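Chemist: Input: one structure, supplied below.
The values are calculated or read from the model by the stated rules, or taken from the named source; none is laboratory data. Note that this is a predicted model, so its numbers are computed, not measured. Don't worry about glycine lacking a Cβ; one is built from the backbone with ideal geometry, like all the others, and counts go over all protein chains shown.
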Amino acid sequence: MDEAKLESLLEEAIAHCYDEEEEFWGLFCALQMHLSFPLLAAAQGADVEIVGLDEPGSGLQQGVMVRINEGGQEQTASLSELEFAAPDPASAEWLAAYRYWWGKTGRG
């Protein structure tokens with residue numbers, strides 16, 4: 001995805017934010033609205049199913065945390081550390097926008 005498209009998605013999510021903390025939560029809300037769960041991914045080589053975002057575990061310092069189902073057990077993982085297996089187009093765009101923003105913050 002080109003940088004102009006990523007910037008456009010970010011503008012949609014963080015247009016009225018005044019600092020990085022507000023940007024994080026604006027982007028978190030956009031992910032909640034646009035990601036289609038479950039999403040298939042790999043975490044440390046194991047296939048997992050992402051079943052939702054973990055709001056209490058998420059924050060600017062640690063990033064977006066997700067709830068994953070691995071072998072019938074629910075755990076949490078960092079969204080930025082997962083590799084996705086063919087997400088739907090809208091989910092793919094927003095996942096790319098999050099990673100792009102996360103990298104711009106110097107944390108990714």
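Chemist: Among the residues of the range 51-81, which ones are assigned to a strand (DSSP E or B), touching a helix residue (DSSP H, G or I) at 6+ places or on another chain (Cβ under 8 Å) and either among the hydroxyl-bearing types (Ser, Thr, Tyr) or over 15 Å from residue 96 (Cα atoms) (or both)?
Modeler: Correct list: 53, 59, 65, 66.
Chemist: Also, I was wondering about something else. Looking only at the range 48-60, how many residues end up being free of Cβ contacts under 8 Å to residues at least 40 places away in the same chain and out of contact with any Lys or Arg (no Cβ under 6 Å at 6 or more places or on another chain)?
Modeler: Final tally of qualifying residues: 9.
Chemist: Which members of the range 91-108 meet the condition of being farther than 17 Å from residue 7 by Cβ, surrounded by fewer than 17 Cβ atoms within 10 Å (Cβ to Cβ) and not basic (Lys, Arg)?
Modeler: 106, the sole residue that qualifies.
Chemist: Kindly indicate which of 20, 11 is acidic (Asp, Glu) and surrounded by 12 or more Cβ atoms within 10 Å (Cβ to Cβ).
Modeler: Selected residue: 20, the only one of 20, 11 that is acidic (Asp, Glu) and surrounded by 12 or more Cβ atoms within 10 Å (Cβ to Cβ).
Chemist: Something else about it: Looking at 98, 18, can you tell me which residue is in a loop (DSSP other than H, G, I, E, B) and aromatic (Phe, Trp, Tyr)?
Modeler: The conditions single out 18.
Chemist: Restricting attention to the range 13-25, does a residue exist that is among the aromatic types (Phe, Trp, Tyr) and in contact (Cβ under 8 Å) with a residue 24 or more places away in the chain?
Modeler: yes
Chemist: Name the one entry in 71, 52, 57, 63 that is in contact with a Ser or Thr (Cβ under 8 Å, 6 or more places away or on another chain) and more than 16 Å from residue 10 (Cα to Cα).
Modeler: Matching residue, one of 71, 52, 57, 63: 57.
Chemist: Any chance the range 22-44 includes a residue that's at negative phi, at pLDDT 95 or above and touching a Lys or Arg at 6+ places or on another chain (Cβ under 6 Å)?
Modeler: no
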